[in-house]
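Structure first, then comments.
No value in this document is a laboratory result; all are computed from the given coordinates. On a predicted model such as this, the values are computed, not experimentally measured, just so you know. No Cβ is skipped: glycine too gets one built from the backbone with ideal geometry, and neighbour counts run over all protein chains shown.
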C-alpha cells in the first residue's frame, strides 16, 4: 500500500532539516563546529539539535492531531507565535526563570497527555503550549550566536519548529485514519520516557 503524500512530504523535509544537526547533542555544545553560515542556518539547526526540543516540537504536533478539530492548526500556531515572543525576551534584557525545568516539564507533560489521550478545551491546550513555547523560545534566544542577526535566526528556528509540528500532525492523523490510536499513545509514552531520561541526566 502506497504511503500517502501527506505522510511522505513532511518526512522528506524532516530528513533534510535533521541531517546537519546529527553530530550535535545541543547547539550550545557544538555550535563552534558549525561552519560560518548566516543566522538563518543557525536558527534552523537549533531546535533539531537537542532531544528536548525535538521531542517537545513533535509532541505539540502529535497532540494537536490527536485532539483534532481546530486544535490541529490553532495549537501549533499558538506555540510558534509565543515562541517568537520568548525568543525576543533575551534580546530585550528580560530574564525568564525555570527555563530548563520548564522545557523538561513540557516534554514530560505533553508525552503524558498524548499517552493518556487527553483532549482539553482549545483555550486550555493553547494556553499550556503557549507557556511551554515561552520557555523554548527563550532558550533559543539566549543561544543566538553573536554574529547572527535576530530576524534571520528567528526565522530559522520558527521554520524548523513548524516543520517538526507538521511531522507530528501528519503522523497523528495518519495513525488515526488507520484506527491505530494505540500507536499514537505509545509514541506519547515514549516522549514522556524521554522527558524522564532527560530529567535524570
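Sorted from fewest to most neighbouring beta carbons within 10 Å, what does the list 135, 73, 123, 63 look like?
With the sparsest Cβ surroundings first, the list reads 123, 73, 135, 63.
Grab the beta carbon distance between residue 122 and residue 100, set R0 = 22 Å, and tell me the FRET efficiency rounded to 0.05.
0.20
Within 10 Å of each residue's Cβ, count the other Cβ atoms and sort 91, 110 from fewest upward.
91, 110
What order do you get for 48, 78, 151, 161 when you list them from fewest to most C-beta neighbours inside 10 Å?
So the residues, fewest neighbours to most, are 151, 78, 48, 161.
Rg(Cα) of segment 41-200 divided by 2.2 N^0.38 Å?
0.98
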